[in-house]
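S.K.: Provided herewith is a single structure, encoded as structure tokens, for subsequent inquiry.
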Amino acid sequence: MKAIKGFLFDLDGVIVDTAKFHFKAWHRLASELDIPFTEEQNEELKGVSRVESLQKILDWGGKSLSADEFDRMMGLKNEWYLEFVREMNSDEALPGAVEFLEEAQKQGLAIGLGSASKNAVLILDLLGIKHYFKTIIDGNLITKSKPDPQVFDMGAKALGLDPESTVVFEDSLAGIEAALRGGFRRVGIGSADILRDAEIVVPNLAQMSPAELINQLNQI
Ligand code: B16
Ligand code: MG
């Protein structure tokens, strides 16, 4: 087994608690469209791009929109989402996330971001944690969504690492599947019942230090 040399973090649900803002904004949009939208359905949107998320909601509601209306709705959702995001401060970082990044950097591990979000850089800036990331691969750079491994492949390449030496941290089903398909080591953030293909699942990054985590992965 290859030595672990770097970490690739998803953003929403791993570093920062923005999943609740996506839910609120999608919920408001679904109401406008007269489509019921539950927290269970929201689970299926985690890690999924904005375009694909709106398409899923329309499919669930059995509705379709013209191309112009579709774009307008995506714009509205992002406007509402950003209203929440702009109110955010460093308290919105998930438990243990900043300390984990700090420690990983001290240990000399290469750190990158692999997010489907087009708002990733703005959010990292608002939290004041952009400097930890040697590479940021976000929704503006990728052409294929998770569960395609493209976002993590690009991240590992930018860090000069191969997938077996790189740990992906993900809260979404689609993201863990992407990491599995790409041959990455996999840490799930959330519940083991949902993230079945993760090698280790923790509720958040406060549970263990980077060194402890690497130690555990080396024993699998
Ligand atoms: P945006 P991640 C994903 O971020 C979110 O999980 C998903 O809910 C969202 O639709 C997607 O980003 C696109 O976000 O509308 O900001 O471009 O989890 O991959 O960091
Ligand atoms: Mg996520």
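S.K.: Any idea which residue in segment 187-203 is modelled with the lowest pLDDT, counting only those that are surrounded by 16 or more Cβ atoms within 10 Å (Cβ to Cβ) and of a type outside the set (A, V, I, L, M)?
M.R.: Result: Gly190.
S.K.: Go through segment 1-42 and give me each residue that's within 12 Å of ligand 2 (Cβ to nearest atom) and at positive phi.
M.R.: Gly13 - this is the single residue of segment 1-42 that is within 12 Å of ligand 2 (Cβ to nearest atom) and at positive phi.
S.K.: Just to verify a result, which residue in segment 1-50, among those that are within 9 Å of ligand 1 (Cβ to nearest atom) and free of Cβ contacts under 8 Å to residues at least 60 places away in the same chain, is nearest to Asp148 (Cα to Cα)?
M.R.: The extreme case among them is Leu45.
S.K.: Out of the residues in segment 99-128 that are among the β-branched types (Val, Ile, Thr) and within 23 Å of Phe23 (Cβ to Cβ), state the one that is surrounded by the most Cβ atoms within 10 Å (Cβ to Cβ).
M.R.: Ile123
S.K.: Of these, Gln216, Gln207, which one is away from ligand 1 (no atom under 15 Å from the Cβ), at pLDDT below 95 and not in a strand (DSSP E or B)?
M.R.: Being away from ligand 1 (no atom under 15 Å from the Cβ), at pLDDT below 95 and not in a strand (DSSP E or B) holds for just one of Gln216, Gln207, which is Gln207.
S.K.: Can you name the residue in segment 164-186 that is over 16 Å from Lys46 (Cα atoms) and surrounded by 21 or more Cβ atoms within 10 Å (Cβ to Cβ) and is also nearest to ligand 2 (Cβ to nearest atom) among such residues?
M.R.: Out of the qualifying residues, it is Arg186.
Let's see how each residue does on (1) assigned by TED's automatic domain parsing to the domain that holds Asn42; (2) touching a residue at least 60 places away in the same chain (Cβ under 8 Å); (3) closer than 15 Å to Phe7 by Cα; (4) of a type outside the set (Val, Ile, Thr):
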site	(1), (2), (3), (4)
Val151	no, no, yes, no
Leu159	no, yes, yes, yes
Ser172	no, yes, no, yes
Arg181	no, no, no, yes
Ala206	no, yes, no, yes
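S.K.: If you don't mind, another one. Determine whether Gly62 is farther than 28 Å from Ser191 by Cα and not basic (Lys, Arg).
M.R.: Spelling it out, Gly62 is indeed farther than 28 Å from Ser191 by Cα and not basic (Lys, Arg).
S.K.: From Ile137, Ile176, Ile123, grab the single residue that is out of contact with any helix residue (DSSP H, G or I) (no Cβ under 8 Å at 6 or more places or on another chain), of a type in the set (Val, Ile, Thr) and outside the structural domain of Lys46 (by TED's automatic domain parsing).
M.R.: Answer to the check: Ile176.
S.K.: Let me ask something else. Among the helices (runs of 4 or more DSSP H) contained in segment 71-160, which hold 1 or more residues that are polar (S, T, N, Q) and modelled with pLDDT of 95 or more?
M.R.: Ranges flagged: 97-106, 150-159.
S.K.: Something else: How many of the residues making up segment 166-197 are among the basic types (Lys, Arg) and outside any strand (DSSP E or B)?
M.R.: Summing the residues that are among the basic types (Lys, Arg) and outside any strand (DSSP E or B) in segment 166-197 gives 2.
S.K.: Answer with yes or no whether Gly13 is in the same structural domain as Glu212 (by TED's automatic domain parsing), at pLDDT below 95 and surrounded by 19 or more Cβ atoms within 10 Å (Cβ to Cβ).
M.R.: Taking the combined requirement at face value, the residue satisfies it.
The values are calculated or read from the model by the stated rules, or taken from the named source; none is laboratory data. Keep in mind the model is a prediction, meaning the values are calculated, not measured. For neighbour counting, all protein chains shown are included, and Cβ atoms are generated from backbone atoms with ideal geometry for every residue, glycine included.
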